[in-house]
Structure formats: C-alpha cells, structure tokens
Amino acid sequence: MIEVIKLNKNYGDLKVLQDISFTVEKGEKIAIIGPSGSGKSTLLRCLNFMEEASSGSIIFEGINLTEQKAKLDLHRQKMGMVFQQFNLFNNKTVLENIMMAPLHIRLSKLRKTRWQNFFIKTGNFFRKNKKSLIELDTDAASIKEEVRGQALKLLQKIGLEDKKDVYPSTLSGGQKQRIAIIRSLAMNPKVILFDEPTSSLDPEMVGEVLDLIRSLADEGMTMLIVTHEMGFAKEVASRVLFMDEGRIAEDSSPEQIFSNPQNPRTREFLSKVKAM
C-alpha cells in the first residue's frame, strides 16, 4: 500500500530524516517509537505531504507522489491524519467540524459535474447522452443531509452524539481528540496517521482515546501511530519501528522489539522508558 524509499528531510544543515525506507501493507498497524527529536512526527508529516521531503520517494497505491504532486489532494483524502493538538475549529460546532471536509469535497464534485453538463449541452453533445441534466445533477441539499447523517453515525460510534451542537471549547481533551479521530474517519480514509494522539491529554483521558484507536485497529484500519504509550504499542501494533537520530534503527515485531531488541540504542531507550 505504501512504500517509502530513501526518504530524507533536511532543514538547512540539520538532517531530520536520513535514508528512511520501509513498506506498509494493507491492514498493518505500525507503531513508531523513539526519543524526542528522532524524526517520528516529521516522518508522518512527510507521508501526508504537510512537509516536503528533501529527497527520496513515497509511493502510495502504486503512485509515486513525489513525482505526481497534482494528485496530493486526492492522496490526503485517502490518508487521514490526527494531530497532538486536535486542530478543531472553535468557531464551528462539533457536527460542523466533522462535516466540513467531506461536504466540501462532495459539493466541489457537484459543481464540477454541473459545469461539465453545461458544456455538454452547449456543445450540442447532449442529445448523444441519454441521461438528462436532472439525472446527472445531485441536489446539494441531499448531499448535505447525507454527510450530516454519516457524521451523526460517527458521533454515535464514540458515544458523543449529544455533543453535536456544542463548540470544541466546551469539551474535555479526551472528547476533543475522539472528535478529531472521527473527523478523519468521515473522509473514509484507507490509512490514518496518528501523531502522538495522547500526548496532550491528562492521564485519566488517555484510556478513552486509546480505546477508540484500538477499536479501529480491530476493524482492520491501516494505521501508523507515533506514540510514547509502550504498553499500547506492544498490544495493538503488528510492527514497531524504533527511530533514533532521523533513522530507523530497528523494524520488527512488538515481541522482538520489547522482549529482545537487537539494536543497543533500542535496548537503552526501552530500559529508560521502563524505569520511568
């Protein structure tokens, strides 16, 4: 599904990512661990093209996105991202936050179809097309209602349907992060990238967010998750990448990484984490 080949990211003389190469298969749950400053978050941002890599290739579903940047908008629809700081719009209700992206995309497609139909008609090609403009044209109000229904179903999934009309500033950190996750799900992505989704939460709120991510993993969602929650990584991940100084120092199963790490730096990192 995803192939990363010799990816590098530099900020001037600072080398943040160095020769990163790995693959992601459909349905995999990959935990990315390592010390602060090792390049974990930058890697996710490069995968989603929020940061442009200095060199290397990112191939998603057979398309080399580093060479076909015109397809980035479509790529971002298929690869959702959940951030540390939620990134909800405080001037919009919870329901509006969830609906915003899918509604924009659906209405943009509708407008494009309308223009195509207009040119078909004015070009006198319409008679060759047995479908009428009414058949081709989907009503914007119907689209909005459909998107709203999907958003409500996602809110029901996490038990927050009663919060649909409130603003994010009234929610707890755990509720905000769960809303951010289902906002990403509203796009029907094929992959979700999680950038330390619990790092901004109080300890008592971490569990409810991890439970939601765990349920998505159980449903077969492909995901990459940067996390400091070692127990969660061990339980949920099918693979673990340990990063250090911008490189992947070790790539193995959770059992191997946490029980018998091969790289001395991995062993050192995990010994310190366990001691905390």
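Figures for the structure shown
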quantity: Identity of the residue in the range 150-198, buried (at least 16 other Cβ atoms within 10 Å of the Cβ) and β-branched (Val, Ile, Thr), that ends up nearest to residue 215 (Cα to Cα); calculated: 158
quantity: Residue identified as more than 17 Å from residue 22 (Cβ to Cβ) and hydrophobic (A, V, I, L, M, F, W, C) among 241, 216, 224; calculated: 216
quantity: Tally, over the range 1-25, of residues that are assigned to a strand (DSSP E or B), open to solvent by 20 Å² or more (accessible area, probe 1.4 Å) and over 17 Å from residue 249 (Cα atoms); calculated: 4
quantity: Qualifying residue in the range 39-51 (condition: touching a residue at least 40 places away in the same chain (Cβ under 8 Å), among the aliphatic types (A, V, I, L, M) and open to solvent by 20 Å² or more (accessible area, probe 1.4 Å)); calculated: no
quantity: Complete set of residues in the range 177-204 that are in a loop (DSSP other than H, G, I, E, B) and of a type in the set (Gly, Ala, Ser); calculated: 186, 199, 200
quantity: Test: residue 249 is in contact (Cβ under 8 Å) with a residue 60 or more places away in the chain and either more than 17 Å from residue 44 (Cβ to Cβ) or part of a loop (DSSP other than H, G, I, E, B) (or both); calculated: yes
quantity: Test result for residue 72, outside any loop (DSSP other than H, G, I, E, B), among the aliphatic types (A, V, I, L, M) and at pLDDT 95 or above; calculated: no
quantity: Residue that is nearest to residue 111 (Cα to Cα) [pool: residues in the range 138-173 that are basic (Lys, Arg) and without any contact (Cβ under 8 Å) to a residue 60 or more places away in the chain]; calculated: 144
quantity: Selection count, the range 77-94, where residues are closer than 16 Å to residue 226 by Cβ, part of a loop (DSSP other than H, G, I, E, B) and either of a type outside the set (A, V, I, L, M, F, W, C) or open to solvent by less than 20 Å² (accessible area, probe 1.4 Å) (or both); calculated: 3
quantity: Any hit, the range 205-221, residues being within 11 Å of the chain's Cα centre (by Cα), among the β-branched types (Val, Ile, Thr) and either surrounded by 23 or more Cβ atoms within 10 Å (Cβ to Cβ) or assigned to a helix (DSSP H, G or I) (or both); calculated: no
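The values are calculated or read from the model by the stated rules, or taken from the named source; none is laboratory data. Quantities reported herein were computed from a predicted structural model and do not represent experimental measurements. Note that each Cβ is placed from the backbone with ideal geometry, even for glycine, and that neighbours are counted across all protein chains shown. Keep in mind that these areas ignore ligands, DNA and RNA; they rest on the heavy atoms of the full protein, side chains included. Shrake-Rupley method; radii C 1.70, N 1.55, O 1.52, S 1.80 Å.
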